[in-house]
Amino acid sequence: MRYSAHKLTAEDFAEQDLKIKSGEYRGREVLLKTSIIEGQLTATGSSRNIYITDSNLGDLVTTGTKFYVVSSDGTVQSSRVGTVGVTGFISDDTLNNLETVTHVIVSRYEKLSISGEFTHTEVIGDPANILLCDDLKDGWIGSWNQAIPNNQTTKVSWDRPVVEAPSSGAVLYTLNSGASWGVGSSTIWLPVNSENESATVELTAGMIVIASYKTKARMTTPSTVSEIHGAISDVNYLFTSMDASDAKGRLLNFSLTGLIQTHAASATKIGLETIRLESLPLLPATGKFWGFNASAGELRHSPLSLDAPTNDSPAFKAVNYNVAKNQQGFINYAYAQLTYDATAGDWGDDGKIHPVDNQATMLDEKRPH
């Protein structure tokens, strides 16, 4: 909320928080451009350096850039760039069992921002075939889908939440590298359903698919842990959800974690909760929450009651608190991703939130590791 913070009331913050959780908030994000790199690509060493002979490397890859690598056996792995050298880069994450790379697919931020609802473009196809297509070989604004066509019948999971039924012509496909294009059935390829995936489709080898669908801009950006604005008594509850409904936190989960909730809401299953907090790790000297410092206490909440999800849905939990930066009012969300363990029959939740700057990963304290 870009208003002078001293003019905002607790009610103003609460109203916007409800809009964010119900998917009504417009949001804003920077668009991605996806490009495919070929050439002499190898992955060597325990750190899995990706070496690329490409004169445009510096323009395509910077620290933090998201990328996919496709190996000679068709395996697809994703990661982010850790460090960049003259002829290659090192992944932030370990790329497992990767020896020979055939293509690197890079998605980088453009200087183009979008707000509210917009049309997202997603391309399906083997990178080698996409490079033969004049319409796509120089890159496109949008993303690349990992479902590589191989004559198999499958259901394509889309990268972003599909928020409305598309119109005719939203899906185009080619079997001859773009020499001619056909129109796919939007209701088959892009149905609006709880799974956020296509109906059963056959991905013919050599096929390239361009799907354009409506989604919404992310409502959050990574932030540092900030001083609380207003009263500590305004921080009362934790919000958690797994329901595949924009009105029940699906878009907030995607904005925070990049995951899409797919649980089909049921009157007999708890899919969304607001839970009272039991303690806050507030450090009086700074007015900030402390995360992994036990001496300052822990942000604890009452046990979750979420039921087992359908469709292997992810879930999340988040505590919202109000902050002021440069005399402007914002809402911060301290959150955690939740994954259901069917064998254990629970979400593996530790009953805590661990506030950190930006994003971090941690081991599940309730499961063997």
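Could you compute the net charge surrounding residue 86? Neighbours are other residues with a C-beta less than 15 Å from the C-beta of residue 86; K and R count +1, D and E count -1. Once positives and negatives cancel, what remains is -2. Extending 7 Å from Cα along the Cβ direction at residue 233 and again at residue 188 yields two label points whose distance is 6.1 nm. Stretched out straight at 0.36 nm per residue, the stretch from residue 312 to residue 11 would grow longer than its current Cα-Cα span by 104.8 nm. Seen from all directions on average, the chain presents a Cα convex hull projection of 20.5 nm². How much net charge surrounds residue 266 when only the other residues with a Cβ under 11 Å from the Cβ of residue 266 are counted, with Lys and Arg +1 and Asp and Glu -1? My count for the surroundings of residue 266 gives -1.
Regarding region 189-237, what's the average projected area of the Cα-atom convex hull, expressed in nm²?
7.2 nm²
Its DSSP H runs of at least 4 residues, each contributing -39,500 (n - 2.57), put the calculated 222 nm mean residue ellipticity of the chain at -2000 deg cm²/dmol, to the nearest 500.
For the chain, modelled as a GNM with alpha-carbon contacts under 10 angstrom, which of 158, 181, 144 fluctuates the most? So, out of 158, 181, 144, the one fluctuating most is 181. Using a probe of 1.4 Å on the protein chains alone, the accessible area found for residue 80 is around 100 Å². Against the criterion of solvent-accessible heavy-atom surface with a 1.4 angstrom probe, 20, 270 sort, most first, into 270, 20.
Straight-line reach from residue 214: taking Cα to Cα under 25 Å and skipping same-chain neighbours fewer than 8 places apart, the lysines in range are 19, 21, 33, 66, 111, 137, 155, 248. Highest mobility in the GNM of the chain, judged by mean-square fluctuation with C-alpha springs under 10 Å and restricted to 153, 268, 339, is found for 268.
Extension gain, residue 134 to residue 87, is 14.2 nm, computed as 0.36 nm per intervening residue step minus the present C-alpha separation. The residues of the chain expose, per residue, 49 Å² of accessible area to a 1.4 Å probe. Angle of helix 10-21 to the longest C-alpha principal axis of the chain, folded into 0 to 90 degrees and rounded to 10: 30°.
A Gaussian network model of the chain, with springs between Cα atoms under 10 Å, assigns the largest mean-square fluctuation among 245, 194, 302 to 302.
When a 1.4 Å probe is rolled over the protein heavy atoms, the share of accessible surface on the chain that falls to carbon and sulfur comes to 48 percent. Other residues whose C-beta falls under 12 angstrom from the C-beta of residue 14 contribute a net charge of -3, scoring Lys and Arg +1 and Asp and Glu -1.
The values are calculated or read from the model by the stated rules, or taken from the named source; none is laboratory data. In this text the structure is predicted, and so the values were computed from the model without any measurement. Don't worry about glycine lacking a Cβ; one is built from the backbone with ideal geometry, like all the others, and counts go over all protein chains shown. What goes into the accessible areas is simple: the full protein's heavy atoms, side chains included, and nothing from ligands, DNA or RNA. Shrake-Rupley method; radii C 1.70, N 1.55, O 1.52, S 1.80 Å.
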